[in-house]
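> My questions will all concern the structure given below.
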Amino acid sequence: MAEYNPRLAVYPGTFDPLTRGHTSLIYRGLRVFETVILAIAKSTPKKTCFTLEERVEMARATFSDEPNIIVEPFDGLLIDYVQSRGAGSILRGLRAVSDFEYEFQMALMNRRLSREVQTVFLMTDYKWMYLSSTIVKEVALRGGNVKGLVSDPVLAKLAEKHEALKGAE
């Protein structure tokens, strides 16, 4: 049986882009875990705005001064990645009741695949409950102001993307 570190958690997602809701959850996760790996998914059914490399770059820039936050891309089954890193937990956030059903199903499947890995849910901070990557992208790419909803590196990348889209019209 593999050794799992109960002080290491993996927080997986697409993070297209990383929002203040995500960063808030990570910092709160550090109150429970010594280290959090922000695992950015290569494979996703979602149509992404940013490449995997861009998403990793933005997240690394956001957490450049945080030694207990590791940003890595991953591909394949989440549980395989979690096991390869020796993490004892998967960290997930819940914004609303509507998130629960999907997250519950995923947690049960991961539990079936590995009984050693636990899924830990944290409720999103109330001030970010309305926030999603989709909303941020939609507003930013149409020229709206999302300052304060994302980190400065993400804000700069969204502005670049907006300008590139305007130039393509």
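The values are calculated or read from the model by the stated rules, or taken from the named source; none is laboratory data. None of the values given here were measured: they were computed from a predicted structure. FYI the Cβ positions are ideal-geometry reconstructions off the backbone, even for glycines, and counts take in every protein chain you see.
> Pairs needed: first member in segment 71-89, on the phi > 0 side of the Ramachandran plot; second member anywhere, among the polar types (S, T, N, Q) and at pLDDT below 95; C-beta distance under 7 Å; at least 6 residues apart or different chains.
Pairs that qualify, where the first residue is on the phi > 0 side of the Ramachandran plot and the partner is among the polar types (S, T, N, Q) and at pLDDT below 95, are G86/N5.
> When you scan segment 1-45, how many residues do you find that are among the basic types (K, R) and in contact with an Asp or Glu (Cβ under 7 Å, 6 or more places away or on another chain)?
2
> Further, regarding this structure: Here are the criteria: (1) under 21 Å from K137 (Cα atoms); (2) surrounded by 20 or more Cβ atoms within 10 Å (Cβ to Cβ). Tell me which single one P73 does not satisfy.
The number of the failed condition is (2).
> All but one of (1) assigned to a helix (DSSP H, G or I); (2) charged (D, E, K, R); (3) closer than 24 Å to T134 by Cα hold for K46; which doesn't?
It fails just one condition, (1).
> Is segment 131-146 home to any residue that is part of a loop (DSSP other than H, G, I, E, B), closer than 19 Å to I79 by Cα and touching a residue at least 60 places away in the same chain (Cβ under 8 Å)?
no
> Let me ask something else about it. Would you call N145 more than 24 Å from M58 (Cα to Cα) and of a type outside the set (D, E, K, R)?
Against the criterion (more than 24 Å from M58 (Cα to Cα) and of a type outside the set (D, E, K, R)), N145 does not qualify.
> Same structure, new question: Which ones in segment 1-24 are of a type in the set (A, V, I, L, M) and in a loop (DSSP other than H, G, I, E, B)?
M1, A2, L18
> Okay, moving on. Going by the structure shown, is L91 outside any helix (DSSP H, G or I), out of contact with any Phe, Trp or Tyr (no Cβ under 9 Å at 6 or more places or on another chain) and at pLDDT 95 or above?
No; evaluated as a whole, the condition is false for this residue.
> Further question: Hey, among V56, V82, V71, which residue is closer than 23 Å to L158 by Cα, part of a helix (DSSP H, G or I) and either within 13 Å of the chain's Cα centre (by Cα) or not charged (D, E, K, R) (or both)?
On inspection, the qualifying residue turns out to be V56.
> Still on this structure: What's the number of the condition L122 fails, among (1) in a helix (DSSP H, G or I); (2) touching a helix residue (DSSP H, G or I) at 6+ places or on another chain (Cβ under 8 Å); (3) modelled with pLDDT of 95 or more?
The number of the failed condition is (1).
> Quick check, is A39 surrounded by 16 or more Cβ atoms within 10 Å (Cβ to Cβ), part of a strand (DSSP E or B) and in contact with a strand residue (DSSP E or B) (Cβ under 7 Å, 6 or more places away or on another chain)?
It is true that A39 is surrounded by 16 or more Cβ atoms within 10 Å (Cβ to Cβ), part of a strand (DSSP E or B) and in contact with a strand residue (DSSP E or B) (Cβ under 7 Å, 6 or more places away or on another chain).
> Of the residues that sit in segment 26-36 and are aliphatic (A, V, I, L, M) and part of a loop (DSSP other than H, G, I, E, B), which one is nearest to the chain's Cα centre (by Cα)?
By that ranking, first place goes to L30.
> Given the conditions (1) over 16 Å from P17 (Cα atoms); (2) at pLDDT below 95; (3) in contact with an Asp or Glu (Cβ under 9 Å, 6 or more places away or on another chain); (4) of a type in the set (G, A, S), and given that G86 satisfies all but one, which numbered condition is not satisfied?
(2)
> Could you list, in sequence order, the residues of segment 115-161 that are surrounded by fewer than 16 Cβ atoms within 10 Å (Cβ to Cβ), basic (K, R) and within 21 Å of K47 (Cα to Cα)?
Listed by number, the list holds a single entry, R142.
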